[in-house]
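The values are calculated or read from the model by the stated rules, or taken from the named source; none is laboratory data. Just so you know, these numbers come straight off a predicted model, no measurement behind them. Note that each Cβ is placed from the backbone with ideal geometry, even for glycine, and that neighbours are counted across all protein chains shown. Please note that ligands, DNA and RNA were not included when accessible areas were found on the heavy atoms of the full protein model with its side chains. Shrake-Rupley method; radii C 1.70, N 1.55, O 1.52, S 1.80 Å.
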Amino acid sequence: MSLTPVAVALRALLDSAPGTTGAETLPLARCAGRVLAADVAALRTQPPFANSAMDGYAARANDLQPGKELRVIGESAAGRGFAGSVAPGEAVRIFTGAPLPEGTDAILIQEHAEGVDGPVIRVTKAANKGQFVRAAGLDFSNGEVLLAAGRRLDSAALGLAAAMGHPELPVRRKPVVAILATGDELVLPGEPVGPDQIVASNSYALAALVEQAGGTALDLGIARDNHPDLAARIEAAKAANADVLITLGGASVGAHDLVQAALKAQGMDLGFWKIAMRPGKPMMMGRLGPMVALGLPGNPVSSIVCGHLFVTPLIEALLGMAEPERDRGEPAILAVDLPANDERQDYLRSTFVTEAGERRIKPFPKQDSSMLANLARAEALVIRPVFAEPAKAGDPCRIIRLR
């Protein structure tokens, strides 16, 4: 079987998604990090009235000329505005956020006023009409759509939703991603490690990646290298109505690589297998009824890199976010020479360095896909396209940031 290009594999994976998850309505306080399921319009106008942007005096702009003396007739504070009307030659002491009194159209900031006798001020610097005044509706108006479906709700979006008057919001249900580690060689962290065993790490890394992307991780534990155990855990994913099943390891062609056969026995329709990338070549994808099945390599670094490239976009697609297939790369400058590449697209674990005042990216000398310590230190992945020519230090490249 020929290797599938990364872009083709991603397109096939996103095409396999069964559509966006359903919507649910949650209180605003529980919406952080969630994705909007519908457009959201303002329920009010902000600000609802003209108000002062500074502490000072509200008056008519025609009166705010140097040397002019004005009689102060009252005060306007936030939540307690001045009830009367201001006539020519008068002013009202005003504070930031307070309503602009009737008859006024400008603010004389307090630094440009000096006290005279009693409740009288003298203007020391002119103020123009509208100066330091926030007009009604300056921020937004009632009925205006300000948050679009597919928007991930960060702090700014949640603050805006609250200001718009929404106590709750419609959001997408988090996709449930079942994660199944496989292999007789695996033990859980903290358990005794036999002479031929290793500590399972991939499932924890992928669970964190799933949660960060907006999904809910469901840990199915470790399946041993036999068909009954694999079948039972795949059935558990089905019973949980998982949107995605991620298997870790066992997707290659060795005598003990049973995952693909186990999935096919459960009815999986294989989409692709083997990707033209390094690390991550043995990855496979299929559909198991309504559930997307994604078989990631057993090597820890390979599975995490595949997670960034494929799992995150898949979750974004299920959440209805815009452009999950977008290019996540950005430009950078190489700090070292790199050799020509072969038929597999490379993702080199790398860190930033500063040389002669310029920030550059430096791949680690060792790129073995079992080296988790390197991945934890990496700040980005340098993308080396298939059959890329040799590159020199100072040449441009593309990177995917990890943190």
Which condition does I400 not pass, out of (1) within 28 Å of P18 (Cα to Cα); (2) not in a strand (DSSP E or B), if it passes all the others? (2)
Top-ranked residue of the range 291-320 - restricted to ones that are of a type in the set (G, A, S) and in a loop (DSSP other than H, G, I, E, B), ranked as surrounded by the fewest Cβ atoms within 10 Å (Cβ to Cβ): G320
Counting only residues in the range 326-359 that are surrounded by 19 or more Cβ atoms within 10 Å (Cβ to Cβ) and of a type in the set (D, E, K, R), the one farthest from K281 (Cα to Cα) is identified as R349
Criterion violated by E114 - all others in (1) closer than 27 Å to G214 by Cα; (2) out of contact with any Cys (no Cβ under 9 Å at 6 or more places or on another chain) satisfied: (1)
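Going by the conditions given, is P365 open to solvent by 20 Å² or more (accessible area, probe 1.4 Å) and in a strand (DSSP E or B)?
Numbers: open to solvent by 20 Å² or more (accessible area, probe 1.4 Å): yes; in a strand (DSSP E or B): no.
No; evaluated as a whole, the condition is false for this residue.
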Can you say whether E323 is under 22 Å from the mean Cα position of the chain (by Cα), open to solvent by 40 Å² or more (accessible area, probe 1.4 Å) and under 30 Å from K174 (Cβ atoms), as far as the supplied structure shows? yes
If we keep just the residues of the range 90-107 that are out of contact with any helix residue (DSSP H, G or I) (no Cβ under 9 Å at 6 or more places or on another chain) and hydrophobic (A, V, I, L, M, F, W, C), which is nearest to I121 (Cα to Cα)? V92
Condition check: in contact (Cβ under 8 Å) with a residue 12 or more places away in the chain, assigned to a loop (DSSP other than H, G, I, E, B) and under 24 Å from A276 (Cβ atoms). Does D342 satisfy that? yes
Report, by residue number, each residue of the range 125-143 that is in contact with a strand residue (DSSP E or B) (Cβ under 6 Å, 6 or more places away or on another chain) and either under 15 Å from Q65 (Cβ atoms) or loosely packed, with under 14 Cβ neighbours inside 10 Å (or both). A127, K129, Q131, G143
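So which residues in the range 56-85 are of a type outside the set (A, V, I, L, M, F, W, C) and open to solvent by 60 Å² or more (accessible area, probe 1.4 Å), if there are any at all?
Here is the first cut: in the range 56-85, the residues of a type outside the set (A, V, I, L, M, F, W, C) are 56-57, 60, 62-63, 65-69, 71, 74-76, 79-81, 84-85.
Answer for the range 56-85, where residues must be of a type outside the set (A, V, I, L, M, F, W, C) and open to solvent by 60 Å² or more (accessible area, probe 1.4 Å): R60, N62, Q65, P66, K68, E69, R71, E75, G79, R80, S85.
Being aliphatic (A, V, I, L, M), closer than 14 Å to L248 by Cβ, open to solvent by 40 Å² or more (accessible area, probe 1.4 Å) and without any contact (Cβ under 8 Å) to a residue 12 or more places away in the chain is true for just one of A208, A232, A156. Which residue is that? Talk me through it step by step, then tell me what you get.
Values: A232 fails: closer than 14 Å to L248 by Cβ; A156 fails: closer than 14 Å to L248 by Cβ.
Every option except A208 fails the conditions.
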